Amino acid sequence: MVPVSSTIERERLQLRQAAPGDAAALTDLALRSKRHWGYDDAFIDAVRAELTVSEEQVAGGRVFVLEREGRIIGFYGLNWDPPTADLTWMFVDPTIIGRGHGRRLWEHAVGTARALGYREIVIESDPYAEGFYRSMGARREGGSPSRFIPGRELPFLRYSL
């Protein structure tokens with residue numbers, strides 16, 4: 001059984017499956033979160049398509065949001081190809097990065113993948129997020145060249161379930 005929704009009472013947070021109507025808000029959050037790391041407008045324009053969340057992707061049931069008092073403050077997406085789940089997105093509102101919300105999303109993603117019987121999660125990470133994933137227990141297994149910044153490598157990480 002996939003954990004579809006849970007409430008974290010202390011902060012009035014709710015983790016739930018995204019709805020197709022959330023797609024535009026998720027795209028906006030992804031772009032704002034990416035911009036937090038100092039990327040310029042040209043880079044953001046180059047990655048916009050990659051960070052655009054469509055209603056169809058959300059309707060597939062593999063995107064989950066973290067809300068506080070009805071406002072989306074983070075989300076993640078998984079794609080699965082047995083026995084591996086691919087973390088396609090994980091973003092937190094840049095105004096609250098560092099407050100444990102990424103950990104909540106990560107733990108939910110791990111629980112979701114486990115509940116579905118997957119053995120591992122793979123992540124092609126932004127270099128600025130690598131430390132977070134490693135602190136969650138993922139291990140780096142190489143990298144791949146960035147399609148947008150020549151000479152830059154994107155960390156490839158793996159997390160065993």
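The values are calculated or read from the model by the stated rules, or taken from the named source; none is laboratory data. Keep in mind the model is a prediction, meaning the values are calculated, not measured. Glycine also receives a Cβ, built like all others from the backbone with ideal geometry; neighbour counts cover every protein chain displayed. Side chains included, ligands, DNA and RNA excluded: accessible areas come from the protein's heavy atoms. Shrake-Rupley method; radii C 1.70, N 1.55, O 1.52, S 1.80 Å.
Quick look at the values:
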item	result
Answer from 75, 91 - the residue that is touching a Ser or Thr at 6+ places or on another chain (Cβ under 7 Å) and either assigned to a strand (DSSP E or B) or open to solvent by 20 Å² or more (accessible area, probe 1.4 Å) (or both)	91
Subset of segment 128-161 [within 18 Å of the chain's Cα centre (by Cα) and of a type in the set (Lys, Arg)]	134, 139, 140, 158
Failed item in (1) open to solvent by 40 Å² or more (accessible area, probe 1.4 Å); (2) hydrophobic (A, V, I, L, M, F, W, C); (3) part of a helix (DSSP H, G or I), with residue 113 passing the rest	(1)
The one condition in (1) in contact (Cβ under 8 Å) with a residue 40 or more places away in the chain; (2) crowded, with 18+ Cβ neighbours inside 10 Å that residue 128 fails to fulfil	(2)
Of all residues making up segment 125-151, the number that are among the small types (Gly, Ala, Ser) and part of a strand (DSSP E or B)	3
Cβ pairs under 8 Å, 6+ apart, first in segment 48-70 and within 22 Å of residue 113 (Cβ to Cβ) and among the aliphatic types (A, V, I, L, M), second open to solvent by 60 Å² or more (accessible area, probe 1.4 Å) and part of a strand (DSSP E or B)	63/17; 65/17; 66/14
